[in-house]
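The values are calculated or read from the model by the stated rules, or taken from the named source; none is laboratory data. The structure presented is a predicted model; accordingly, all values stated were derived computationally and were not measured. So basically every Cβ, Gly included, is an ideal-geometry build from the backbone, and we count neighbours across all protein chains shown. Calculation scope for accessible area: heavy atoms of the full protein, side chains included, ligands and nucleic acids excluded. Shrake-Rupley method; radii C 1.70, N 1.55, O 1.52, S 1.80 Å.
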Amino acid sequence: MIRVAIIGTGSIAASHLEAYSLFPERCQIAALINRHEAKAVQLRDRFELGCRIVQDYHELLESGEADLVSICTPPHSHAEIAADCLRAGMHVLVEKPMAMSLEECDRMLEAAESTGSLLSVVGQNRFLDSYMRLKHTLDSGLAGKIVHSQTDAFWWRGGSYYDVWWRGTWEQEGGGCTLNHGIHHLDLLQWMLGMPRSVQAVMSNTSHENSEVEDLSVAILSYPGGGLAQVTSSVVHHGEERQMIFQGQLARISSPLAIYATTQLENGFPKRNPALEKEIKRVHDSLQPLRYSGHAGQIDNVLEALENNSRQVLIDGYEGRKMIELVTAIYEAAITKSAVELPLGRESRFYSREGLLHRAPRYHT
């Protein structure tokens with residue numbers, strides 16, 4: 001039986017608890033941790049748990065009462081808490097974003113390596129049937145070389161969203177819609193296509209006067225081999241539509257699902273290729289539905305790794321670092337108004353939290 005502690009009992013912690021509750025024969029909640037005891041008690045009562053309430057997570061490190069911790073605190077605290085838990089020999093599942101800088105990501109990875117503990121970063125969208133099937137279909141190569149992709153992470157948030165004390169500030173939230181909303185689709189994009197060679201970007205705050213950070217960003221990613229991707233991250237789009245479109249040399253496939261294949265006429269104009277469309281649809285539909293999806297799918301993946309004494313999970317710390325590397329490159333490109341080459345290393349001016357904070361624009365107070 002795997003003993004689990006939840007550090008941070010805000011809204012996202014409920015998603016973790018709902019997922020863990022699906023596996024009562026595999027894990028049990030040992031403790032909820034929050035500086036404000038009343039919030040932890042409220043969550044414990046909601047899920048009818050018999051666990052302990054702890055106000056300081058350091059007490060958990062000393063007691064050794066948990067094997068696995070879910071870190072659900074605001075982003076600025078992820079790195080310190082995760083590194084402490086890993087060094088104490090506990091396994092860690094940390095909410096996105098993994099951390100607020102590449103330097104903090106590397107500190108977490110070093111802590112995991114030093115103890116052999118598992119470090120996984122939440123990217124629950126990978127555990128959805130639609131994206132798993134999209135990845136499976138792209139990997140089949142039926143669409144041909146991917147020459148262009150369009151990723152739209154269109155969200156909408158009103159001004160009161162930023163009334164929460166840690167949101168809307170570079171120091172506490174680490175960034176705006178690129179880091180905290182678009183990161184889901186940036187993770188999916190690099191999972192499907194790999195990391196780009198370079199990034200160009202612009203960003204702005206168009207609609208939130210109580211936020212320092214961006215509420216809209218547009219990035220162009222260039223890949224080895226000449227392919228391009230455009231990524232829009234937003235909290236100003238009505239309707240909250242999200243899509244990923246991949247244009248291959250032979251066909252287009254997207255989520256929400258749409259397939260269109262083309263061959264050429266003698267004059268070079270397009271002619272639809274229904275036979276290829278049928279084959280792509282067959283491969284897309286051949287993947288069996290996931291037994292668990294979203295947070296439950298990822299937590300099942302983590303529990304299975306621990307039960308098998310393995311560190312092989314779909315999203316480990318190195319995959320989580322890639323998310324932060326893409327976000328960092330977008331911020332650097334937008335702030336410096338120049339193309340940014342990847343990979344980013346310790347020599348980058350934006351490698352540390354201090355490097356970003358020193359250069360980040362404060363759009364509003």
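When you check Ser21 against the structure, is it under 15 Å from Ser70 (Cα atoms), without any contact (Cβ under 8 Å) to a residue 40 or more places away in the chain and among the hydroxyl-bearing types (Ser, Thr, Tyr), yes or no? Yes, satisfied.
Within the range 196-233, if we keep just the residues that are of a type in the set (S, T, N, Q) and in a strand (DSSP E or B), the residue that is farthest from Ile324 (Cα to Cα) turns out to be Ser204. Residues of the range 166-181 being touching a helix residue (DSSP H, G or I) at 6+ places or on another chain (Cβ under 8 Å), open to solvent by less than 10 Å² (accessible area, probe 1.4 Å) and at negative phi, which ones? Residues satisfying the conditions are Trp170, Glu173, Thr178, Leu179. When you scan the range 33-44, do you find a residue that is out of contact with any Gly (no Cβ under 6 Å at 6 or more places or on another chain) and under 30 Å from Tyr318 (Cβ atoms), even just one? Within the range 33-44 (the criterion being out of contact with any Gly (no Cβ under 6 Å at 6 or more places or on another chain) and under 30 Å from Tyr318 (Cβ atoms)), the answer is yes, since at least one residue qualifies. Taking every residue in the range 58-78 that is open to solvent by 30 Å² or more (accessible area, probe 1.4 Å) and pairing it with any residue that is among the hydrophobic types (A, V, I, L, M, F, W, C) and in a helix (DSSP H, G or I), at least 6 positions away or on another chain, the pairs with Cβ-Cβ distances below 9 Å are Leu61/Cys85; Asp67/Leu306.
Summed over the range 130-149, the residues that are assigned to a helix (DSSP H, G or I), out of contact with any His (no Cβ under 9 Å at 6 or more places or on another chain) and open to solvent by less than 50 Å² (accessible area, probe 1.4 Å) give a count of 4.
Against the list (1) within 30 Å of Tyr20 (Cα to Cα); (2) open to solvent by 10 Å² or more (accessible area, probe 1.4 Å); (3) modelled with pLDDT of 95 or more; (4) touching a helix residue (DSSP H, G or I) at 6+ places or on another chain (Cβ under 7 Å), the condition Gly116 fails is (4).
Between Asp152, Asp106, Asp163, the distinction of being modelled with pLDDT under 95 and either open to solvent by less than 20 Å² (accessible area, probe 1.4 Å) or of a type outside the set (A, V, I, L, M, F, W, C) (or both) belongs to Asp163 only. Close Cβ contacts (under 7 Å, 6 or more residues apart or on different chains) running from residues in the range 200-229 that are over 21 Å from Trp165 (Cβ atoms) to residues that are of a type in the set (Asp, Glu) comprise Met203/Glu214; Ser204/Glu214; Thr206/Asp215.
Pick from Ala229, Ala275, Ala261: which is open to solvent by less than 40 Å² (accessible area, probe 1.4 Å), of a type in the set (A, V, I, L, M) and out of contact with any His (no Cβ under 8 Å at 6 or more places or on another chain)? When all the criteria are applied, what remains is Ala261. With a requirement of 1 or more residues that are under 26 Å from the mean Cα position of the chain (by Cα), the strands (runs of 3 or more DSSP E) lying completely within the range 1-90 that satisfy it span 2-7, 27-33, 68-71.
When each of Tyr292, Tyr331 is tested for being touching a strand residue (DSSP E or B) at 6+ places or on another chain (Cβ under 9 Å), in contact (Cβ under 8 Å) with a residue 12 or more places away in the chain, open to solvent by less than 80 Å² (accessible area, probe 1.4 Å) and among the hydroxyl-bearing types (Ser, Thr, Tyr), the lone residue that passes is Tyr331. Checked against the criteria, His284 does not count as in contact with a helix residue (DSSP H, G or I) (Cβ under 6 Å, 6 or more places away or on another chain), assigned to a helix (DSSP H, G or I), open to solvent by less than 30 Å² (accessible area, probe 1.4 Å) and closer than 30 Å to Asp215 by Cβ.
Residues that are in contact with a helix residue (DSSP H, G or I) (Cβ under 8 Å, 6 or more places away or on another chain) and assigned to a loop (DSSP other than H, G, I, E, B) within the range 313-344 comprise Val313, Leu314, Ile315, Ala339, Leu342, Pro343, Leu344, listed in sequence order. For beta carbons closer than 7 Å, sequence separation of 6+ or different chains, a first residue in the range 153-169 that is in a loop (DSSP other than H, G, I, E, B) and a second that is surrounded by 13 or more Cβ atoms within 10 Å (Cβ to Cβ) and of a type in the set (S, T, N, Q), the qualifying pairs are Trp155/Ser234; Trp166/Gln172; Gly168/Asn210; Gly168/Ser211.
Residue pairs whose Cβ atoms lie under 8 Å apart, separated by 6 or more positions or on different chains, with the first residue in the range 117-139 and within 17 Å of Glu279 (Cα to Cα) and the second of a type in the set (Asp, Glu) and at pLDDT 95 or above, are Arg133/Asp285. Could you grab me the full set of residues in the range 39-57 that are among the aliphatic types (A, V, I, L, M) and either buried (at least 17 other Cβ atoms within 10 Å of the Cβ) or within 24 Å of Gly297 (Cα to Cα) (or both)? Selection gives Ala40, Leu43, Leu49, Ile53, Val54.
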